[in-house]
Amino acid sequence: MTMSDGHPAEDYLKPKLEALIEGAVSAGFSRDVTVAVLIDLLDDSVALDVETR
């Protein structure tokens, strides 16, 4: 795994997201479905939360 240059948030979050995805795959969920659900969760809740601030 390579770390991005100058993006500490990505460096911090990427390993955690990869571990979350691998945990879901180990629990029997496909990688594609897991990523799609994460995107959907972020798209719905984070965007709405940011808009209200």
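Within the stretch 8-22, no residue that is over 18 Å from residue 36 (Cβ atoms) sits with its Cβ atom under 8 Å from a residue that is modelled with pLDDT of 95 or more at 6+ positions apart or across chains. Among the residues that make up the stretch 15-29, is at least one of them in a loop (DSSP other than H, G, I, E, B) and modelled with pLDDT under 95? No, because not a single residue in the stretch 15-29 is in a loop (DSSP other than H, G, I, E, B) and modelled with pLDDT under 95.
The values are calculated or read from the model by the stated rules, or taken from the named source; none is laboratory data. Keep in mind that this is a model prediction, so the values were computed, not measured. FYI the Cβ positions are ideal-geometry reconstructions off the backbone, even for glycines, and counts take in every protein chain you see.
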